[in-house]
Amino acid sequence: MQTTRTDSIADPTLDFADIGPDGLAGQFLRRFWQPVYVSRKLRTKRAAPLRILGEDFTIYRGEDGAPHVVAAYCPHRNTRLSVGLVEGDAIRCFYHGWKFDHLGACIDQPAERNSPSSKMDIAAYPTREYIGLIFAYFGPGDPPDFPKFDIYEGDGYVETDESFRRWSFFDQLENSVDEVHFNFVHRRSKFTDVGLNDEIPELSAEETEYGILRIGKRSNRIRHSHILMPNCMYSMIFEHFRGWAEHLAWRVPVDANSHVSFMVDCVHKQGAELDEYKQTVARHAEELSRLEPTDSIIEKCLSGEMHVDDLDWRADLVLLQDAVAMGALRTPRDRALDHLTTSDRQVVMLRRLWRRELTALAAGGPLKAWTIPLSLVPTSGTP
């Protein structure tokens, strides 16, 4: 099998982990709508601190139910706005009452005689709510078209979740395009029940108008999944009590070494069958809440105190397996040390597209206008 190092990152300016506002990766990510919060966790007339993409922000839901994202601090004495009061579509600082509307304009300074000036305004960001998530745009100029998916607007039950993960978003993204790891990391999991790790697949990848079409060929199926540039996986996943479901997973960095995976599934159940499914999900969540925390188990596996193969009875087994694989990666992460092979074609393409876009961004050149078809769907390749 031929190996190559030509698709590793040799140029230190193209650091995929440099996700702050001044880093190339951070600037690139900010040019797309990014999910930042799970809708059900933000109550009306309440604010919360938000840390995402290496920065701090304030997120709040106005009295009309619309979510908003603004700067983290009041410019007066730099108090966190997240402890403030929501009034209409505005937020008032808890410390001295300065008030800012959802566009960031300072509209009230109760203790001052003069009208607020524009120099007291704060940053505000375009915000949208969709399929159970709150999205924000942090980039320059007008935001791009908002991504939507026909399948999620049909008769299916849309289920939203989030998972904070203590490893790089790009490591997770590469793991998302690496279907060979199913045969080893997930050799004892639900993947076995649907034949995804019975044999090592023949992998290929194609650049598309939205990102990458991933193709995994096995003797009895051809599976199609997608990477939606820059940081979203779109695939079919399987659970015994759910069956196959469309699965969107945005890997959004918190900092260089951690990220949140925002996940949205479309479950094709209705009526009594859906009620039974919801009860099963609730029961699994309750059972999991009584177990040793996931992070603690991960640390024990990484230290050698436990092995993930002994945990195949846990409902969070797949997450545990991926976490151990990600946590065991050499640190500090240097992709130039990777020896990529023919089975890494999809990883190679992901790195190549990111490198191409970051290089263009650094040079001030045009970036590709990525577009997601409304009708795009993955396939399980079920025999």
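The values are calculated or read from the model by the stated rules, or taken from the named source; none is laboratory data. Owing to the predicted nature of the structure, the values given are computational and were not obtained by experimental measurement. Because the Cβ atoms are built from the backbone with ideal geometry, glycine has one as well, and the counts that use them run over all protein chains shown.
State which residue pairs qualify: first residue touching a residue at least 12 places away in the same chain (Cβ under 8 Å) and inside the range 195-215, second residue part of a strand (DSSP E or B) and β-branched (Val, Ile, Thr) in any location, beta carbons under 6 Å apart, and separation of 6 or more residues or different chains.
Once the first residue is touching a residue at least 12 places away in the same chain (Cβ under 8 Å) and sits in the range 195-215, its partners that are part of a strand (DSSP E or B) and β-branched (Val, Ile, Thr) give 204/215; 205/212; 211/227; 212/227.
Considering only the range 323-355, how many residues are among the β-branched types (Val, Ile, Thr), out of contact with any helix residue (DSSP H, G or I) (no Cβ under 6 Å at 6 or more places or on another chain) and under 12 Å from residue 174 (Cα atoms)?
1
Within the range 304-322, is even one residue β-branched (Val, Ile, Thr) and either more than 26 Å from residue 154 (Cα to Cα) or not assigned by TED's automatic domain parsing to the domain that holds residue 180 (or both)?
Yes: the range 304-322 contains one or more residues that are β-branched (Val, Ile, Thr) and either more than 26 Å from residue 154 (Cα to Cα) or not assigned by TED's automatic domain parsing to the domain that holds residue 180 (or both).
Could you check, for the range 318-326, whether at least one of its residues is closer than 25 Å to residue 144 by Cβ, in contact with a Lys or Arg (Cβ under 7 Å, 6 or more places away or on another chain) and crowded, with 18+ Cβ neighbours inside 10 Å?
No - not one qualifying residue is present in the range 318-326.
Any idea which of 350, 320, 329 is modelled with pLDDT of 90 or more, closer than 29 Å to residue 216 by Cα, hydrophobic (A, V, I, L, M, F, W, C) and assigned to a loop (DSSP other than H, G, I, E, B)?
It is 329.
Scanning the range 225-244 for residues that are at pLDDT 95 or above and in a strand (DSSP E or B), which turns out nearest to the chain's Cα centre (by Cα)?
Taking the candidates together, the pick is 232.
I'm trying to understand the selection: among the residues of the range 261-284, which are assigned to a helix (DSSP H, G or I) and of a type outside the set (Gly, Ala, Ser)?
273, 274, 275, 276, 277, 278, 279, 280, 281, 283, 284
I need the full set of residues from the range 288-313 which are closer than 24 Å to residue 180 by Cβ and either touching a residue at least 24 places away in the same chain (Cβ under 8 Å) or surrounded by 16 or more Cβ atoms within 10 Å (Cβ to Cβ) (or both), in order please.
So the first thing to find is which residues in the range 288-313 are closer than 24 Å to residue 180 by Cβ, and the list is 298, 301-302, 307-312.
Of everything in the range 288-313, those that are closer than 24 Å to residue 180 by Cβ and either touching a residue at least 24 places away in the same chain (Cβ under 8 Å) or surrounded by 16 or more Cβ atoms within 10 Å (Cβ to Cβ) (or both) turn out to be 298, 301, 302, 308, 309, 311, 312.
Name the single residue that is surrounded by the most Cβ atoms within 10 Å (Cβ to Cβ) among those in the range 117-144 being free of Cβ contacts under 8 Å to residues at least 12 places away in the same chain and over 30 Å from the mean Cα position of the chain (by Cα).
Checked the range 117-144; the qualifying residue surrounded by the most Cβ atoms within 10 Å (Cβ to Cβ) is 117.
Here's a check for you: in the range 262-284, which residue that is touching a residue at least 24 places away in the same chain (Cβ under 8 Å) and among the aliphatic types (A, V, I, L, M) is nearest to residue 52 (Cα to Cα)?
263
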